[in-house]
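Take a look at the structure below.
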Amino acid sequence: MRNGRNGLVWPVALCAAGLVFDGYDLVVYGALVPLFLRSPGEIGALTPATAGALGSYALIGVLIGALAAGAVSDRWGRRPVLLGGYAWFSVGMGATALTSSAQAFGAWRLVTGVGIGVVVATTGVLVSELAPPGRRQLCTTVAYCGIPLGSVLGTVAALSFLDSIGWRGLFWIGALPLVTLLPLAWWRLPESPAWRGRERGRSGFAGLFTGPTLLPAVVLGVVSGIGLLLVFALSTWLPELMGRAGFGSRGSLVLLLVLNGGAVVGALLASPLAERFGPRRVVAGCFGLGAAGMVLVGSQPSAAVVPVLVAVVGLGTTGTQILVIGLATATFPTAVRGAGVAWCTGFGRLGGIAGPLVVGLLVAAGAGVESLFTVLAVVAAVGAGLVLLVRPGRAAPRTPSPVPAPHT
């Protein structure tokens, strides 16, 4: 990535910063659930079922926002939709900090999720269209590594600041992009040159679900659902499962950080391979590695090798989901790329909603640690097989040109 006014450093860095708040939002509510359950004076008395429902509202909002972004970004442009998403989720975070009832808290969680869905769906499209050939997978991967990085930062923030600034302060941190990221993005984030020069024709979902893009759209939607099922299942249940395997509470939380660290490092190492050998093969291989890692973790090996295996699982779940976005941007042509990526991220959230529920039902049914990890490994193997059905389209030739100057 080149520095300077026409370089990619500013756009990729800004897009990654925006996605940090998706990861932050993902974990900060989970860190607050114990507080809300034992302290009815915060937002009212909550049962575990109500707390779970409040957690799902943001995911529903993300689904709505992602699909909405796909409907408009191919028509209105990537830049204005992304800027609107930054403003939307920032306002939602700030409003959540002001709530005093479970009903209002849930409503603003839904609103916040809509803005995050817009950002998640639009970022990959803009970054891939700004990047030069041969660097698109790397640039997209760097941007989407903001999600697991945000999960790490959210965990650290909850552990470090909850006692001093309270849960409202944690949500005010989530509102900071309104006065930091948004102004910088308005100044330094350009519009996609591919979108500016696109051929007119059927765009959005109408164009996506007709002709040759129909089958890859359906397959990639299911693949994304599988990826997010694994991501959310492990993000929710890994500490509990590792506790059942003999790790203490602190060790289990450390393994959750290892999971996200493995996702970041693994995705960055895999992205050059995706450029060289094609994203389809690399995504399938990473799903396979994740499946093997889960089987080995479930076999309860010696404690010394568990962190290494959990890092591999991080690559095969969250890291692979990052690479799926790169595969989607390589598969769909410009006219429907926004809708295609939005469909993958939006429809895939159904898997994110289902993941914790599926594992929870298996736990309630008495399934052991080995059986649970085996089930998740089978799901990952199915993802590997499905992704081989996708045939990425050949990118339209593009005359080498500098990245457009940011708006000033």
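Throughout, read-outs are computed from the coordinates displayed, never taken from laboratory work. What you see is a predicted model, and the numbers here were worked out from it, not measured in a lab. Every residue, glycine among them, receives a Cβ derived from its backbone with ideal geometry; neighbour counts consider all protein chains shown.
In table form, for the structure just shown:
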quantity	calculated
Subset of segment 139-161 (residues that are in contact with a helix residue (DSSP H, G or I) (Cβ under 6 Å, 6 or more places away or on another chain) and of a type outside the set (A, V, I, L, M))	Cys139, Thr140, Thr141, Tyr144, Cys145, Gly146, Pro148, Gly150, Ser151, Gly154, Thr155
Identity of the residue in segment 90-138, in contact with a helix residue (DSSP H, G or I) (Cβ under 9 Å, 6 or more places away or on another chain) and of a type in the set (S, T, N, Q), that ends up surrounded by the fewest Cβ atoms within 10 Å (Cβ to Cβ)	Thr99
Count of segment 139-157 residues which are surrounded by fewer than 20 Cβ atoms within 10 Å (Cβ to Cβ) and closer than 27 Å to Asp74 by Cα	0
